[in-house]
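Okay, so here's the structure we're looking at.
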Amino acid sequence: TYAIGEPSEEAKRTHDLLWRATEAGIAAARPGNTAADVFDAQAKVLAAAGIEAGNVGRLGHGLGKVMTEPPSNMPGDHTQLVPGMVLTVEPSAMYGDGRIMVHEEDLVITEDGRRLLSPRTPRQLPVIDDRPFR
């Protein structure tokens, strides 16, 4: 997620909220936990900010031969996480005049936890300068 030009305070707050929800999901993604546990960890952060995560349906999914695969990080998906599984942690939130912001981090479950497959999104919303080139 990036802002083109100076972001609104609401966009900055939403980015930070999603960053924290993603952190919670990453922490919950470990062997023995379930896809529902990953959802619940993210949903608690969103709920504390007044966002009903259940309306989204899921907050991430498995990743493999096709872009979206089981398990789904959602209530009721009790698929146990095991080493070698690749999944996304993907919270989202509506803000402003109906805009949606989504974070996604991809990770692999390891014997002792998880490993991110790419560098973590920055805590502060990255800004791309929108001034014309000269």
- With a 1.4 Å probe and all protein chains in place, put I128, I26 in order of accessible area, largest first. I128, I26
- Give a quick list of trypsin sites (Lys or Arg not before Pro) in the stretch 1-67 that DSSP marks as loop, anything other than H, G, I, E or B, with at most 13 other Cβ atoms within 10 Å. K65
- Message: Using a probe radius of 1.4 Å on heavy atoms only, what accessible surface per residue do you get for the stretch 34-115? Whole Å² is fine.
- Response: 52 Å²
- Name the residues of the stretch 82-119 whose amide N is less than 13 Å from a point 7 angstrom out from the Cα of T1 along the C-beta direction? 90-96, 99-105
- Exposed GluC sites (Glu not before Pro) absent: longest stretch of the chain, with sites in DSSP loops and at most 11 other Cβ within 10 Å deemed exposed: 53-110
- Task: Consider the candidate values (i) 13.7, 46; (ii) 15.5, 55; (iii) 18.9, 53; state which one is Rg and Dmax of the Cα atoms in Å computed from the structure displayed.
- Result: (ii)
- Query: Going toward the positive end of the dipole of the chain, with +1 on Lys and Arg Cβ and -1 on Asp and Glu Cβ, which of I128, G76, T1 do you reach last?
  - Reply: I128
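The values are calculated or read from the model by the stated rules, or taken from the named source; none is laboratory data. Keep in mind the model is a prediction, meaning the values are calculated, not measured. Positions of Cβ are generated from backbone atoms using ideal geometry, with glycine treated the same way; all protein chains shown enter the neighbour counts. Each accessible area value is taken on the protein alone, full model and side chains, heavy atoms only, with ligands, DNA and RNA left out. Shrake-Rupley method; radii C 1.70, N 1.55, O 1.52, S 1.80 Å.
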